[in-house]
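A short write-up of the structure that comes next.
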Amino acid sequence: MAGNSRRQGAIRKTGTKKGAVVGSGGQRRKALEGKGPTPKAEDRPGHKAYRQNNAQAKRDQARQKKADKPELIAGRNPVVEALRADVPATALYVALNIDVDDRVNDAVRLAGDKGISILEIPREELDRKTNRAMHQGLGLQVPPFEYAHPDDLMAVARNSGEVPLFVALDGVTDPRNLGAVIRSAAAFGAHGVLLPERRSAGMTAVAWRTSAGTAAKLPIAVATNLTRQLKTWANDGLMLVGLDADGSVGIDELELAADPLVIVLGSEGRGLSRLVRETCDATVSIPMAAGVESLNASVAAGVLLAEVARRRRLTGRV
């Protein structure tokens with residue numbers, strides 16, 4: 001009996017609490033409350049879109065670091081062409097003990113005339129500077145390109161007293177295409193070229209050379225968000241025309257040519273992105289012979305810009 005009494009007392013003692021009872025502090029109630037809207041896919045660390053965004057951000061950072069460094073144009077013909085095209089350069093590297101020909105002599109003479117430093121270095125060092133490209137003993141150092149702000153392009157157009165004409169590139173990733181587009185834009189009276197900050201070729205040494213020096217005369221701007229910048233220009237009174245194989249009008253029917261205009265070019269493979277296409281006031285196509293699928297982006301740009309320039313001359317709205 002005594003043993004039973006002790007056990008019962010122990011049970012009563014452990015089952016009885018003295019003083020204030022500690023509650024949940026409202027935690028159980030909070031647990032039942034909603035946690036707000038589900039974050040976007042790109043904001044959720046475990047989601048594929050989040051990983052893709054992070055990877056793209058790292059690529060963009062790497063690209064920016066690369067853009068901040070001077071580049072080298074490698075090869076005898078490319079170097080001579082760049083010097084003749086007045087591509088800005090800071091140094092001409094000549095490998096020691098190379099076989100000298102007319103191109104080497106021309107490069108040294110042109111660089112000297114332009115006040116560019118001429119440096120003789122071991123071939124191994126030039127190999128390293130050009131990432132072992134086929135330099136043939138010559139390398140031309142080009143400084144990082146200085147991009148304009150999109151507002152600068154509008155200022156240039158207004159100061160010219162002409163009807164504004166811009167070219168915007170939506171995802172053109174080949175620097176040769178970029179350089180060729182810039183060359184066509186300058187040839188047909190455009191006031192500037194706009195590039196998106198991401199998924200686009202930049203003004204590399206290759207783009208410089210392909211532009212034949214016109215990149216030094218035509219402002220090239222970068223937009224953080226291409227669609228937003230196009231909408232800003234639309235609010236400023238510019239018409240947006242996208243070049244598309246399935247365009248709503250043909251090039252011969254482009255009545256907007258003489259208006260303040262932005263010509264938008266899509267990427268080499270995908271064409272215009274959905275948001276950019278929806279932002280455009282019209283899309284224009286270039287008629288081609290049967291069996292030809294599409295034109296190179298820079299060639300198509302040249303064709304359309306030439307037509308715009310022709311129509312502006314006819315209407316007197318240059």
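The values are calculated or read from the model by the stated rules, or taken from the named source; none is laboratory data. On a predicted model such as this, the values are computed, not experimentally measured, just so you know. Counting neighbours? That spans all protein chains shown, and the Cβs are built from the backbone with ideal geometry, glycine included. Accessible surface areas use protein heavy atoms only, side chains included; no ligands, DNA or RNA. Shrake-Rupley method; radii C 1.70, N 1.55, O 1.52, S 1.80 Å.
Data overview
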{"item": "Flag if VAL262 is of a type in the set (Val, Ile, Thr) and under 22 Å from LYS231 (Cβ atoms)", "result": "yes"}
{"item": "Qualifying residue in region 258-274 (condition: in a loop (DSSP other than H, G, I, E, B) and within 18 Å of ALA190 (Cβ to Cβ))", "result": "yes"}
{"item": "Qualifying residue in region 70-84 (condition: modelled with pLDDT of 95 or more and more than 13 Å from ARG209 (Cβ to Cβ))", "result": "no"}
{"item": "Strands (runs of 3 or more DSSP E) lying entirely in region 106-221 (those with 3 or more residues that are open to solvent by 30 Å² or more (accessible area, probe 1.4 Å) and in contact with a strand residue (DSSP E or B) (Cβ under 6 Å, 6 or more places away or on another chain))", "result": "117-121"}
{"item": "From VAL156, VAL104, residue being among the β-branched types (Val, Ile, Thr) and at pLDDT below 95", "result": "VAL156"}
{"item": "Set VAL264, VAL249, VAL284: member being in contact (Cβ under 8 Å) with a residue 24 or more places away in the chain, of a type in the set (Val, Ile, Thr) and within 18 Å of VAL163 (Cα to Cα)", "result": "VAL264"}
{"item": "Answer residue from region 222-242, given it is over 16 Å from GLY192 (Cα atoms) and within 15 Å of the chain's Cα centre (by Cα) and is surrounded by the fewest Cβ atoms within 10 Å (Cβ to Cβ) among those", "result": "THR224"}
{"item": "Failed item, numbered, when VAL284 is tested on (1) open to solvent by less than 60 Å² (accessible area, probe 1.4 Å); (2) assigned to a helix (DSSP H, G or I)", "result": "(2)"}
{"item": "Those residues of region 246-270 which are within 22 Å of the chain's Cα centre (by Cα) and open to solvent by 20 Å² or more (accessible area, probe 1.4 Å), in sequence order", "result": "GLU268, GLY269, ARG270"}
